[in-house]
Structure formats: C-alpha cells, structure tokens
1. Among the residues of the stretch 1-18, which ones are assigned to a helix (DSSP H, G or I) and either hydrophobic (A, V, I, L, M, F, W, C) or touching a helix residue (DSSP H, G or I) at 6+ places or on another chain (Cβ under 9 Å) (or both)?
2. Filter the stretch 1-18 down to the residues that are surrounded by fewer than 16 Cβ atoms within 10 Å (Cβ to Cβ) and among the hydroxyl-bearing types (Ser, Thr, Tyr) and list them by number.
3. Which of (1) without any contact (Cβ under 8 Å) to a residue 40 or more places away in the chain; (2) among the small types (Gly, Ala, Ser); (3) in contact with a Lys or Arg (Cβ under 9 Å, 6 or more places away or on another chain); (4) open to solvent by 50 Å² or more (accessible area, probe 1.4 Å) is the odd one out, the single condition Ser118 does not satisfy?
4. Which one is farthest from Ala191 (Cα to Cα) among residues in the stretch 101-110 that are open to solvent by 20 Å² or more (accessible area, probe 1.4 Å) and either outside any loop (DSSP other than H, G, I, E, B) or touching a residue at least 24 places away in the same chain (Cβ under 8 Å) (or both)?
5. For the stretch 138-178: of the residues being touching a residue at least 24 places away in the same chain (Cβ under 8 Å) and among the charged types (D, E, K, R), which is least open to solvent (accessible area, probe 1.4 Å)?
6. Which members of the stretch 167-189 meet the condition of being in a loop (DSSP other than H, G, I, E, B) and either under 14 Å from Pro42 (Cβ atoms) or not acidic (Asp, Glu) (or both)?
7. Name every residue in the stretch 40-63 that is within 9 Å of the chain's Cα centre (by Cα) and either of a type in the set (S, T, N, Q) or over 15 Å from Val29 (Cβ atoms) (or both), in order of residue number.
8. Please specify each residue of the stretch 109-150 satisfying the condition of being in contact with a Cys (Cβ under 8 Å, 6 or more places away or on another chain) and among the β-branched types (Val, Ile, Thr).
Amino acid sequence: MDIDLGSLPARDQYKLLSSTVVPRPIALVSTRSAAGIDNAAPYSFFGVMGEAPAILALGIKKHPDGRSKDTAANIIETGEFVVHMVDEALADGMNACAASLAAEESEAEFAGLELLPSQKVVPRRLAAAPVAFECRLAEHLKTVPDRDILLGEVVSMHVRDGLVDAETLYVDPDAYKPVGRLFGPYYITAANRFTLIRPD
C-alpha cells in the first residue's frame, strides 16, 4: 500500500503518523502561568534534538479555535518549563494530568502529584518523576497554524537516586522503567527489552 500522505486531511495524517511512529517517549510538562497557576500536561510529540546545548522539542497541537493550549501559552509567555519523563510508577498520574481542566485549575493538584522547587526556572517540578529537565525556550517554530513547535534548552537535570551511576553516568536499565506511547489508549513498557551489539 502506497499512501500520498500530503493529499490526506490533517486528521488522517495525524492518525497514520501517531500510530506508526511508535513507541514515543512521553513528556509530562509542567509550566506556571503569569498568574501563578501550575499546569502539567503530557505530550508524546516529543524528542531530544541535540546536545551542547541540550535541546528538547515539543509539538503541541492547538485547540480547534486556534488558541494555544495552556502548556504552550505558558511557555511562550514565560519562556520556561520542565519536562518530566514518565515511568511505570508515574503512568496513572500522567494520565490524570491529561484531564481537560480550566486554565485556572492545576492538573498536578488534580492528579495528587507533589511539586518541588526547580533550581534554575520558575515552574516547579514533579517529585514523582524519575527524570526532570528544567528548560528555557530556545525557539518557537510556526510551521503550521494549528501546532506550536517549541525547542527548549535544558539548563538543569534532576534524576531519581539510583537511576544513574555517579561515576560513569550510565543509566541502570533495571532501575529505570520508562513508559512509551503507542496510539489511542495504548502504552508500552520497557520490560521486554533486548540487546543488539553494533557491528564494527
């Protein structure tokens, strides 16, 4: 089957892309509005784009009426955010943060997730997250009118004790249990990982 992706409506393009580019890491993003409201929401159009400087990318679809979602609006307005990786223990909390709440309501509070002060940015970080990246907005790309593409420079990183060897900086694959997004209600764990040795 050959598909002319560009000829399809945006909804069908999204369906095919989000169902085949899997598994995707999940960014559980915390922000703080100019009014001081803590926001937290998950996004799987997300990835790491480079190092030195460390850059993370978020693709956040706008509301049907063209308004940016609270996360994107807060990032654009304040220039700061925190990206949290999601593991098995945080999966339910992440899902709770996907609830459609009013801008003046805190998803973290709704989900019962504790917030801690960040080191270098104003938005607070989630205590339960295995990894948290404090970010400052580096670039706001407007490739299409219905999506905000935000590049953030990582200015500080927090890792749960026991996940990373302090000397080698290697992650312990038995201690880190990330969750990935498939599509619809489907997620995946790293429980069935396997090893491939790269040829010389």
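1. Leu5, Gly6, Ala10, Asp12, Gln13, Leu16, Leu17
2. Selection gives Ser7, Tyr14.
3. Going through (1) without any contact (Cβ under 8 Å) to a residue 40 or more places away in the chain; (2) among the small types (Gly, Ala, Ser); (3) in contact with a Lys or Arg (Cβ under 9 Å, 6 or more places away or on another chain); (4) open to solvent by 50 Å² or more (accessible area, probe 1.4 Å) one by one, Ser118 breaks only (4).
4. Glu104
5. Asp148
6. Answer for the stretch 167-189, where residues must be in a loop (DSSP other than H, G, I, E, B) and either under 14 Å from Pro42 (Cβ atoms) or not acidic (Asp, Glu) (or both): Thr168, Leu169, Tyr170, Pro173, Ala175, Tyr176, Lys177, Leu182, Phe183, Gly184, Pro185, Tyr186.
7. Hit for the stretch 40-63 is Ser44, nothing else.
8. Val121
The values are calculated or read from the model by the stated rules, or taken from the named source; none is laboratory data. Quick caveat: nothing in here was measured; it's all calculated off a predicted structure. Cβ atoms come from the backbone with ideal geometry, glycine included; neighbour counts cover every protein chain shown. Note: accessible area is taken over every heavy atom of the protein model, side chains too, but ligands, DNA and RNA are not part of it. Shrake-Rupley method; radii C 1.70, N 1.55, O 1.52, S 1.80 Å.
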